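Q: This structure is in structure tokens; I'll ask about it shortly.
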Amino acid sequence: MIAPLTIIGSGMAGLGLLRQLRSLDAERPVTLITADDGDDYSKPLLSTGFAKGLPPERLAARDALAVADSMNALVRTHTRVEAIDTATRTLHLGKERLAYGELVLATGATPMAPFPVPEALAGRVMTVNNLGDYRAFHAALSRLGRPARVAIVGAGLVGCEFANDLLAGGHRVTLVAPETAPLPRLLPEPLGRALGEAFQEAGMALCLGRGVTGLGAEGSDAVIGLDDGESVVADLVLLATGLRPRTALAEAAGLEVSAAGIHTDRLLATSAPGVHALGDVACVDGVNAMYVQPLQAGAKALARTLAGTPAPVRYGPWPVLVKTPLLPVVSLPPASPPARWRIEGEAGDFSALAESEDGRLIGFALTGSCVRRKVELARAAPALLG
Ligand SMILES: Cc1cc2nc3c(=O)[nH]c(=O)nc-3n(C[C@H](O)[C@H](O)[C@H](O)COP(=O)(O)OP(=O)(O)OC[C@H]3O[C@@H](n4cnc5c(N)ncnc54)[C@H](O)[C@@H]3O)c2cc1C
């Protein structure tokens, strides 16, 4: 008899795996346990909802009941797994003990706050990494009843997408980051500057090249102190200062983990027998890619493995599409620093090719009208997990 499967996490990894598994095996007993409400939603839409005026309920494709029904699974919502006993294959849920046959950890990643948030700013300094956060942020904006002054700390993908989206939604946005140009991990500096200029031309304020020294409250305002002595005053602060894989559960259970995530091989198998990891929490053969495409490739491969045909995951070269309509961006960052960037273009339309010492293409970045080259260049670029 095939062992029952338990999945922890109902994000795109957990639900994506369940969907893939059901296309191969309609009968295997599956329990999905999630700390949140189990709504099936696409996380990338969270940073596109304000421009379209989308209320949170419009972002969820279906609720946990519909998920359970359509995918023949037992779904337990608002249930946190507190410990895993790999020797007895048992989960601890409060006082309850639940046996598992095989286990998949799809517990995602958690936002990092690089500085303390004073209690007086509770409800005014937020992160948006799931639909519940989006609900809370949406409600805080609605409560103001007017366009808000929003300061976004962090100019990576999440910070830039929210900055563009909130500005398009009519809010007054200030983007704060220590780097001198947006998207420092995805774009070489000249392309990052082009994005910054597009933001500024549309009315966004940029506070780049300056670190945050602390946060304070002045009446109903949040005040961000900067290391040049200046400050930014806002109604709401959105922290977009990076994510850390949620490894605590796995680490306490004795699984091999590092800051990059739960270590797995290409079959998504962890160091504990019968336990797999997938999505933002997994570091697969040394690579933690917190994006949808690798997560989907992982879900597809793991479903086949769990259905009886071991299938190592491959990622291929996957370009990241940054949702900044003010200046479209596509990037496939090189796995190691390039010998040189070959940059061509002007007025926001740039192609930047990352080359190795011997002239091979190892990554690229495109802005404006040049994003149409993404398919051609992705075909020529190396896979990250080929
Ligand atoms: C605003 C935003 C925009 C993005 N845009 C893009 C994009 O355009 N393209 C792209 O490729 N990627 C994008 N990403 C990244 C992408 O969305 C993520 O890589 C992906 O959604 C991660 O899914 P996940 O299932 O691994 O994790 P999560 O969505 O974090 O899900 C984790 C799940 O685990 C549950 N959980 C955690 N701990 C426990 C526990 N102890 N017990 C029970 N349940 C637990 C949680 O409740 C949750 O259900 C974006 C991310 C954000 C935040």
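The values are calculated or read from the model by the stated rules, or taken from the named source; none is laboratory data. Note that this is a predicted model, so its numbers are computed, not measured. For neighbour counting, all protein chains shown are included, and Cβ atoms are generated from backbone atoms with ideal geometry for every residue, glycine included.
Q: Hey, could you check segment 1-18 for residues that are more than 19 Å from the chain's Cα centre (by Cα) and of a type outside the set (A, V, I, L, M) and say which is surrounded by the fewest Cβ atoms within 10 Å (Cβ to Cβ)?
A: Pro4
Q: Considering each residue of segment 29-54, count those that are more than 10 Å from the ligand (Cβ to nearest atom) and either crowded, with 19+ Cβ neighbours inside 10 Å or under 23 Å from Arg80 (Cβ atoms) (or both), and give that number.
A: Number satisfying all stated conditions: 5.
Q: Is segment 170-191 home to any residue that is surrounded by fewer than 16 Cβ atoms within 10 Å (Cβ to Cβ), under 24 Å from Glu230 (Cα atoms), among the β-branched types (Val, Ile, Thr) and not assigned by TED's automatic domain parsing to the domain that holds Met290?
A: Yes, some residue in segment 170-191 is surrounded by fewer than 16 Cβ atoms within 10 Å (Cβ to Cβ), under 24 Å from Glu230 (Cα atoms), among the β-branched types (Val, Ile, Thr) and not assigned by TED's automatic domain parsing to the domain that holds Met290.
Q: Moving to a separate point now. Which residue is farthest from Tyr315 (Cα to Cα), if the candidates are limited to segment 272-288 and must be free of Cβ contacts under 8 Å to residues at least 60 places away in the same chain and crowded, with 17+ Cβ neighbours inside 10 Å?
A: Per the stated criteria, the residue is Cys283.
Q: Just to be sure, is Val75 assigned by TED's automatic domain parsing to the domain that holds Ala222 and aliphatic (A, V, I, L, M)?
A: Judged against the criteria, Val75 is not a match.
Q: I'm told Asp165 meets every condition in (1) more than 26 Å from Glu197 (Cα to Cα); (2) in contact (Cβ under 8 Å) with a residue 60 or more places away in the chain except one. Can you identify the failing condition by its number?
A: Tallying (1) more than 26 Å from Glu197 (Cα to Cα); (2) in contact (Cβ under 8 Å) with a residue 60 or more places away in the chain, Asp165 fails exactly one: (1).
Q: Output the number of the condition that Glu57 fails; it satisfies all remaining conditions of (1) free of Cβ contacts under 8 Å to residues at least 12 places away in the same chain; (2) within 14 Å of the ligand (Cβ to nearest atom); (3) under 25 Å from the mean Cα position of the chain (by Cα).
A: The one condition Glu57 does not meet is (2).
Q: Sticking with this one: (1) surrounded by fewer than 20 Cβ atoms within 10 Å (Cβ to Cβ); (2) within 16 Å of the ligand (Cβ to nearest atom): which one isn't true of Leu24, the others all being true?
A: (2)
Q: Here's a follow-up. Answer yes or no as to whether Val75 is over 21 Å from the mean Cα position of the chain (by Cα), surrounded by 15 or more Cβ atoms within 10 Å (Cβ to Cβ) and within 9 Å of the ligand (Cβ to nearest atom).
A: No.
Q: For segment 110-131, which residues satisfy the criterion of being touching a Lys or Arg at 6+ places or on another chain (Cβ under 6 Å) and either surrounded by 14 or more Cβ atoms within 10 Å (Cβ to Cβ) or free of Cβ contacts under 8 Å to residues at least 40 places away in the same chain (or both)?
A: Residue satisfying the conditions is Thr110 alone.
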